[in-house]
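Structure first, then comments.
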Amino acid sequence: MIFSIVVTGAPYSSQASASALQFSRSVLKLGHSIHRVFFYADGVHSGSALASPPQDESNIPAEWSELARQHQLDLVVCIAAAVRRGILDENEARRYEKKGHNLAADFTLSGLGQLVEAGILSDRVVTFGA
Amino acid sequence: MTTLHVINKTPSESSALRDSLIAMSDGDALLLIENGVYATLPAYSEHFSRLTANVQCYLLTDDAQARGLNDLNQDFCGIDYDGFVELSCRYSKVVSWF
Amino acid sequence: MRENKKSFLIINRKAPYGSSAARDALDVALTFSVFEQPLSLLFMDDAVLQLLPNHQANTIGQKNLSANLAMLEMYDIDQLYVCRQALSERGIRPDQISLNITLLDTHAIAALIKQQDQVLSF
């Protein structure tokens with residue numbers, strides 16, 4: 001079965017992203033596929049490469065990146081929600097003339113069309129909100 | 001089409017549980033995750049009194065154990081994340097309430 | 001992309017402005033119109049407060065949500081459903097709402113959700 005996952009809660013402020021990670025691991029373990037993970041609203045903070053939690057806490061952006069590398073996941077961060085909240089890739093940093101960019105490895109910025117397309121092409125869409 | 005309703009808030013912190021109960025049809029299922037698992041405390045049992053026997057009730061044991069809810073309410077079937085995925089497949093869609 | 005259409009429902013449950021949920025849901029709805037997918041919107045709980053008139057959101061540095069809600073019809077998003085109980089609990093009369101809405105009782109809400117292929121919540 002083809003799943004897509006939507007995360008709208010910020011990591012650390014809410015459990016949404018951590019729950020979505022565990023759910024995604026089970027989806028893949030059970031032999032299903034994940035068409036896309038879409039991060040929207042405060043969920044975009046899951047894509048921050050600058051998140052630096054204490055060593056005895058999970059590094060949620062890093063765990064998403066690792067899962068994406070293992071399973072070729074498409075981790076899409078909503079560009080409009082992200083740029084507002086200061087999550088930028090290299091292109092956006094250049095466009096807005098910012099000194100740095102902080103989108104974590106294996107995430108991409110893209111539009112809401114990616115959410116709608118995921119809804120159309122997936123058998124199940126599961127939202128983790130806050 | 002059947003629905004798995006996923007609730008992640010306590011009955012006091014949002015109307016998620018109340019709204020999900022309005023939205024439920026016979027043959028649907030309800031799954032409590034995150035803070036939603038607190039709804040299994042006996043004090044909240046009246047929230048579920050309107051439910052028909054045709055709605056299966058589940059809770060995510062990972063979240064219940066994390067919160068020290070070890071004496072699971074017998075009206076709820078405890079499942080892990082694999083079970084959550086299996087339920088998502090068994091019902092035709094998943095609706096989240098938060 | 002597959003040719004067959006799916007029915008989608010966006011459930012709104014939050015008041016406007018205090019959080020981004022109402023705005024986020026509206027942006028997703030407008031995106032759906034580009035894909036020409038059947039889309040319905042359901043307003044439950046505090047989301048019915050989005051439908052009150054006379055917003056002047058510039059006083060708090062935000063964009064006017066009700067102006068954008070009024071645009072939905074232009075984008076052929078005309079399936080707007082509102083929970084009758086949520087309105088009456090908040091003392092809002094249907095005639096205070098200028099949008100073309102359909103009021104639903106609780107059993108009709110369950111039926112609406114039942115017939116959808118996918119549901120997104122805000």
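Could you tell me the distance between the Cα centroids of segment B:17-71 and segment A:44-117, to the nearest Å?
A separation of 33 Å, based on Cα centres.
Give me the percent of Cα-Cα pairs in chain C that sit more than 25 Å apart, rounded to a whole number. Working shown, then result.
Details: 1451 of 7381 pairs.
Roughly 20 percent, rounded to a whole number.
Who wins for biggest fluctuation among A:56, A:74, A:89 in a Gaussian network model of chain A, springs between alpha carbons below 10 Å?
Largest GNM mean-square fluctuation: A:56.
Would you pull out the residues with amide H under 5 Å of residue B:78's amide H, same chain only if 5 or more places away, H placed 1.01 Å from N?
B:59
In chain C, what percent of the accessible surface is made up of carbon and sulfur (1.4 Å probe, ligands and nucleic acids excluded)?
49
Express the accessible area of chain C per residue in Å², computed with a 1.4 Å probe while the remaining protein chains stay in the model.
Details: 5830 Å² over 122 residues.
In whole numbers, chain C has 48 Å² accessible per residue.
Can you tell me the alpha carbon radius of gyration of segment C:74-122 divided by the globular rule-of-thumb value 2.2 N^0.38 Å? Intermediate values should be presented prior to the final figure.
On the way: Rg = 12.1 Å, N = 49, 2.2 N^0.38 = 9.7 Å.
Ratio of Cα Rg to 2.2 N^0.38 Å: 1.25.
Accessible area of segment A:2-130 with a 1.4 Å probe: how many percent of it is carbon plus sulfur?
Its accessible area is 46 percent carbon and sulfur atoms.
Enter the accessible area of residue B:6 (Å², nearest 10), with the probe set to 1.4 Å and all protein chains included.
About 10 Å², ignoring ligands and nucleic acids.
Can you pull out the buried accessible area for chains A and C, both sides counted, probe 1.4 Å, rounded to the nearest 100 Å²? Spell out each step's value before the answer.
Values: alone 7050 and 7280 Å², together 12860 Å².
That pair hides around 1500 Å² of surface in total.
Taking 0.36 nm per residue of sequence separation and subtracting the Cα-Cα distance, how much length would be gained by fully extending the chain between residue A:58 and residue A:72, in nm to one decimal?
2.9 nm
To the nearest 100 Å², how much accessible surface do chains A and B hide from each other in total, with a 1.4 Å probe?
1600
Give me a comma-separated list of calculated 3J(HN,Hα) values for segment B:15-23, in order, Karplus coefficients 6.51, -1.76, 1.60 applied at θ = phi - 60°, integers in Hz, x for any Gly or Pro.
Result, ordered by residue: 8, 3, 5, 4, 5, 5, 5, 4, 8 Hz.
Using DSSP to define loop residues, name the trypsin sites (Lys or Arg not before Pro) in segment B:1-84 whose beta-carbon has at most 15 other beta-carbon atoms within 10 Å.
Taking segment B:1-84 and a limit of 15 other Cβ atoms within 10 Å, the loop trypsin sites (Lys or Arg not before Pro) found are B:50, B:67.
Viscosity 0.890 mPa s, temperature 25 °C: Stokes-Einstein D of segment A:2-128 from its Kirkwood Cα radius, in µm² per second?
169
Tell me which residues come under 5 Å, amide H to amide H, from residue A:48 once H is placed; ignore anything under 5 positions away on its chain.
The answer is A:104.
Which residues belonging to segment B:65-89 lose at least 30 Å² of 1.4 Å-probe accessible area when the assembly is complete, relative to their chain isolated?
For segment B:65-89, once contacts with the other chains are taken into account, B:81, B:82, B:84, B:85, B:88, B:89 lose 30 Å² or more.
Top mean-square fluctuation among B:22, B:33, B:79, Gaussian network model of chain B, C-alpha springs under 10 Å?
Among B:22, B:33, B:79, the largest GNM mean-square fluctuation belongs to B:22.
Setting aside same-chain residues fewer than 8 positions from residue C:114, which lysines have a Cα under 24 Å from its Cα?
The reachable lysines, counting only those whose Cα sits under 24 Å from residue C:114, are B:9, B:93, C:5, C:6, C:14.
Between the DSSP loop rule and a limit of at most 15 other Cβ atoms within 10 Å, which GluC sites (Glu not before Pro) in segment A:10-86 are left?
Loop-located and lightly packed - A:57.
What residues qualify as long-range amide H neighbours of residue C:101, i.e. H under 5 Å apart, gap of 5 or more or another chain, H built at 1.01 Å from N?
Answer set, sorted by chain and number: none.
As an exercise, use a Förster radius of 45 Å and the Cβ-Cβ distance of residue A:33 and residue C:54 to find the FRET efficiency, rounded to the nearest 0.05.
Efficiency, rounded to the nearest 0.05: 0.40.
For chain B, place one equal point scatterer on every Cα, skip the solvent, and apply the Debye formula. What is log10 of I(q)/I(0) at q = 0.12 Å⁻¹?
Once normalised to I(0) and log-transformed, intensities are -0.32.
So what are the ³J(HN,Hα) numbers for segment C:47-52, from phi and the Karplus equation (6.51, -1.76, 1.60; θ = phi - 60°), rounded to whole Hz, Gly and Pro as x?
5, 5, 5, 4, 8, 5
When all C-alpha to C-alpha distances in the protein assembly as shown are sorted into bins of 10 Å, what percent of pairs does each bin hold, rounded to whole numbers?
The calculated distribution, bin by bin, is 5, 25, 34, 25, 9, 1.
List the GluC sites (Glu not before Pro) within chain B that fall in a DSSP loop (any state other than H, G, I, E or B) and whose Cβ has at most 13 other Cβ atoms within 10 Å.
B:13
Residue by residue, what Karplus-based ³J(HN,Hα) values in Hz, rounded to whole numbers, does segment A:124-130 have, using 6.51, -1.76 and 1.60 with θ = phi - 60° and x for Gly and Pro?
Once rounded to whole Hz, the list reads 9, 10, 10, 9, 10, x, 10.
The values are calculated or read from the model by the stated rules, or taken from the named source; none is laboratory data. Computed from a predicted model, the values in this text were never measured in an experiment. Heads up, the Cβs are rebuilt from the backbone with ideal geometry, glycines too, and the neighbour counts pull from every protein chain shown. Heads up: the accessible areas ignore ligands, DNA and RNA and are worked out on the full protein's heavy atoms, side chains in. Shrake-Rupley method; radii C 1.70, N 1.55, O 1.52, S 1.80 Å.
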